[in-house]
Amino acid sequence: MTGELGQLALCFALALSLVMAVAGLLGAREDHTAARSVAVSSAFGLFVFVALAFGTLTYAFIISDFSIMDVASNSNTLKPLVYKISGVWGNHEGSMLLWVLVLSIYAALVAGLQRGGPRLTSAALGVQGLLAAAFLLFILFTSNPFLRLDPAPFEGAGLNPLLQDPGLAMHPPMLYAGYVGLSASFSYAAAALLVGEAGWARAARPFMLVAWMALTCGIALGSWWAYYELGWGGFWGWDPVENASLMPWLIATALLHSALATEKSGAFRTWSLLLAIAGFSLSLIGTFLVRSGLTSSVHAFATDPTRGFFIMVLIALAIGGALALFAWRAPTLQGGAAFEPASRETTLLLNNVFLVAACACVFVGTLYPMVLDAINGTKISVGPPYYVLTFAPIFFALLLLVPFGPQLNWRRGDLKAVWRSLYPALGLAAVACVVVLAVASPRSLAAAGAFAVAGWLIGASILDIRKRRGARASAFAAALAHAGLGITLLGVTGTTVWRSETLTVVAPGQTMTVGPYTLRFDGVTRVKGPNYIADRGKFVIMEDGKAGATMLPEHRLYLAQGQDVTDTAIHTTGLRDLYLALGDDRDGGRFAVRAYVSPLAPLIWLGGLVMALGGALSLWGRLRLSEPENKPAAPAVAMAAE
Amino acid sequence: MKCSGVKTVIALLLLMGSSNAVFAAAVPETFSDPAKEARARHLQRQFFCLICAGESVDESNSSFATDVRRLLREQIAEGKTDKQIQDFFVARYGAAILTKPPVEPATWLLWLGPFGVLAIAGGVAWVTIKRAGKAGT
């Protein structure tokens with residue numbers, strides 16, 4: 001019965017999304033107040049029915065209802081409850097349902113908050129309704145999670161063991177909150193083009209911030225998962241799927257900066273609209289890349305060409321439609337505002353130049369092999385060395401400019417004074433550089449340069465925070481986000497340059513060394529988990545001949561799939577990780593072991609967290625200030641008289 | 001899909017050819033000479049494990065990676081140059097094995113595209129800044 005209930009809820013949701021699309025777009029007209037209320041109600045209704053469908057599917061996973069095909073192929077009675085629940089989005093059908101659920105949450109928020117006035121909100125709801133309808137059609141026709149299986153099997157196939165992990169349980173919802181959050185900016189941008197209201201950048205700002213924070217956290221979680229789960233200590237592989245999440249992040253970052261200028265000084269109006277469209281378009285392209293089976297990885301659940309085709313048409317319509325609207329309406333927008341070359345506007349513009357180039361780099365690197373293969377069958381791969389030579393220099397140039405932005409005034413700044421005020425940051429950069437060259441081994445010029453840049457960023461953020469002492473919390477948002485960049489850079493550099501590793505075979509009672517650590521191997525015991533059996537190695541960190549902390553890396557065999565997974569053990573001091581992965585059994589109690597010492601590794605994710613915290617401060621400030629903003633905030637009507 | 005089918009076939013062939021190498025996967029043989037070992041590790045990072053998702057031969061535990069590591073170390077022991085070793089693997093597995101794509105006419109757009117975008121975006125920014133300055137006066 002539950003499956004049919006979910007199916008019915010999805011059908012109602014589809015009907016409501018179509019109503020919302022039509023009513024929302026009609027309501028964009030001045031006199032259609034009735035249509036506007038219909039759009040708002042259907043947005044809430046859409047959320048209720050999608051949530052009902054999602055709840056139904058979750059319930060089917062929890063009670064292991066194997067008469068539903070999706071549950072039978074992706075779940076198992078032996079799985080712990082939390083992975084039964086995360087299994088809902090650990091497969092193609094369920095993850096698309098999660099996608100629509102997040103879309104409907106944003107639609108309900110747009111309807112409930114009514115930011116930017118009734119007409120803009122209504123048009124935005126109309127666009128959001130079109131997107132919801134397209135994805136609901138996709139689910140109902142190609143990826144229905146409620147299809148029945150008759151006869152129902154006695155046991156389910158289970159979830160990919162790599163995905164049975166707390167980090168990965170949270171990763172997809174977080175990433176989707178970001179991907180789909182960009183749909184709100186997209187809808188507001190399209191609405192602004194339709195209605196011609198200037199207030200869209202301010203109206204959409206909280207949504208941009210939430211989407212950006214969620215993307216930041218989602219990417220950090222994914223990277224952390226890759227680090228501890230895949231067993232080789234890497235945190236970023238420039239895998240097409242990772243790239244698919246990085247591209248929207250880069251554009252969302254550009255959008256946050258550009259839209260700030262649009263809102264505060266009226267600059268870059270058309271450009272911000274284009275970025276809002278591009279951000280969500282890249283989210284869609286990312287979904288296509290991941291879901292179409294064009295890339296092979298743990299993420300690619302779907303290898304059905306009809307789905308790929310459907311998503312491709314959907315993307316073409318969404319992106320093509322938005323760009324056509326842009327080409328039609330953007331020329332009617334007023335020209336840019338006045339500002340001097342030395343002004344915050346200029347720094348925000350340069351920020352966008354570098355972020356767009358960096359995004360182009362990831363875009364070309366991800367798609368080029370597929371396109372080249374399709375054109376003439378030439379097969380090439382694009383790996384980390386490509387990004388080191390292209391992405392890294394572009395991103396470094398951007399980082400050098402970051403400290404100037406928050407210090408320069410709008411319209412007209414004093415570059416000399418700002419430069420002088422940044423001397424202490426420059427000093428910190430020099431100290432970081434010298435210390436690295438003097439102390440760290442092996443000596444690395446690249447590392448010294450990276451530390452200098454990190455010192456420059458963190459130093460400038462400290463100066464910024466000192467300068468704004470006593471201001472409201474949101475004034476520190478930029479300083480925190482920029483400091484986070486510096487912190488992540490320290491982590492990435494430390495791990496990449498100074499990682500030491502040992503690959504060896506140890507027998508019980510033997511010791512091994514890795515970096516500054518000595519480890520005693522106390523043998524392996526067989527342990528039984530809920531749905532796996534594991535060899536659990538016991539390693540003791542020796543400090544001056546005495547036993548210290550114990551580490552328990554495991555080698556697990558998941559019973560349902562017969563798949564081997566290494567479960568690493570990490571001992572962290574906060575500034576340095578000791579990382580152990582247990583390898584194969586070599587007879588007589590001897591085991592292969594991989595051990596890494598990764599200096600500064602935890603800073604990679606700490607930096608991401610600090611960045612997201614910066615976003616949270618800014619959002620908090622926005623929502624506190626939202627009372628006066630709720631009035632239609634259009635200081636100057638942007639659209640020229642038609 | 002077609003592409004993954006081919007990959008599966010390759011993977012199966014490799015598995016058949018090297019079933020006894022699978023268990024030697026996690027720990028490759030190592031050179032006692034640290035300079036040679038460093039060179040081997042450096043070279044291992046230049047090749048992709050073609051049956052894995054985005055892992056290099058240095059990182060992967062697969063049979064394919066193990067085979068490549070063994071062949072690579074054999075060739076270093078024979079005194080081949082980096083270039084010769086690279087050519088050997090490209091001839092054997094195609095250019096897709098290289099983590100750094102080759103620089104040739106077919107990849108100029110790949111290598112120069114991002115900098116082209118940077119130049120165009122920079123040009124547009126320059127014009128915008130000039131215009132914004134004039135608009136103020």
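Just so you know, all these numbers are worked out from the coordinates, no wet-lab data involved. Quick caveat, the model's predicted, so the values are computed rather than measured. Positions of Cβ are generated from backbone atoms using ideal geometry, with glycine treated the same way; all protein chains shown enter the neighbour counts.
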### Matching entry among A:GLY196, A:GLY233 (being in contact with a strand residue (DSSP E or B) (Cβ under 7 Å, 6 or more places away or on another chain) and crowded, with 23+ Cβ neighbours inside 10 Å)
A:GLY233
#### Entry: Positions within the range A:435-448 being in contact (Cβ under 8 Å) with a residue 24 or more places away in the chain and surrounded by 15 or more Cβ atoms within 10 Å (Cβ to Cβ), in sequence order
A:ALA440, A:SER444, A:ALA447
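Only one of A:GLY196, A:GLY234, A:GLY222 is away from chain B (no Cβ under 14 Å) and not polar (S, T, N, Q). Can you tell me which?
Values: A:GLY234 fails: away from chain B (no Cβ under 14 Å); A:GLY222 fails: away from chain B (no Cβ under 14 Å).
One residue alone meets the criteria, A:GLY196.
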### Query
In the range B:80-107, what residues are of a type in the set (D, E, K, R) and either away from every other protein chain (no Cβ under 13 Å) or in contact (Cβ under 8 Å) with a residue 40 or more places away in the chain (or both)?
B:LYS80, B:ASP82, B:LYS83, B:ASP87, B:ARG92, B:LYS100
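This table checks each residue for (1) in contact with a Leu (Cβ under 7 Å, 6 or more places away or on another chain); (2) surrounded by 18 or more Cβ atoms within 10 Å (Cβ to Cβ); (3) farther than 30 Å from A:GLY562 by Cβ.
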| residue | (1), (2), (3) |
| --- | --- |
| A:ALA9 | yes, yes, yes |
| A:ALA13 | yes, yes, yes |
| A:LEU25 | no, yes, yes |
| A:ARG36 | no, yes, yes |
| A:ALA43 | yes, yes, yes |
| A:PHE49 | yes, yes, yes |
| A:LEU52 | no, no, yes |
| A:SER75 | yes, yes, no |
### Task
Would you confirm whether any residue within the range A:391-406 is out of contact with any Cys (no Cβ under 8 Å at 6 or more places or on another chain), among the β-branched types (Val, Ile, Thr), under 18 Å from B:LYS100 (Cβ atoms) and more than 9 Å from chain B (Cβ to nearest Cβ)?
no
### Summary
Only one of (1) within 14 Å of chain B (Cβ to nearest Cβ); (2) farther than 13 Å from A:TYR579 by Cα; (3) hydroxyl-bearing (Ser, Thr, Tyr) does not apply to A:THR502, and that is (2)
### Query
Does any residue in the range B:29-47 that is within 11 Å of chain A (Cβ to nearest Cβ) and under 20 Å from B:PHE64 (Cα atoms) come within less than 7 Å, Cβ to Cβ, of a residue that is of a type in the set (D, E, K, R) and assigned to a helix (DSSP H, G or I) six or more places away or on a different chain, and which pairs are these?
B:GLU29/B:ARG73; B:THR30/B:GLU37
### Query
If you check A:VAL102, A:VAL48, A:VAL38, which single one turns out to be under 30 Å from A:ALA191 (Cα atoms) and out of contact with any helix residue (DSSP H, G or I) (no Cβ under 8 Å at 6 or more places or on another chain)?
A:VAL48
### Query
Looking at B:ALA119, is it within 7 Å of chain A (Cβ to nearest Cβ) and under 29 Å from A:ILE394 (Cα atoms)?
no
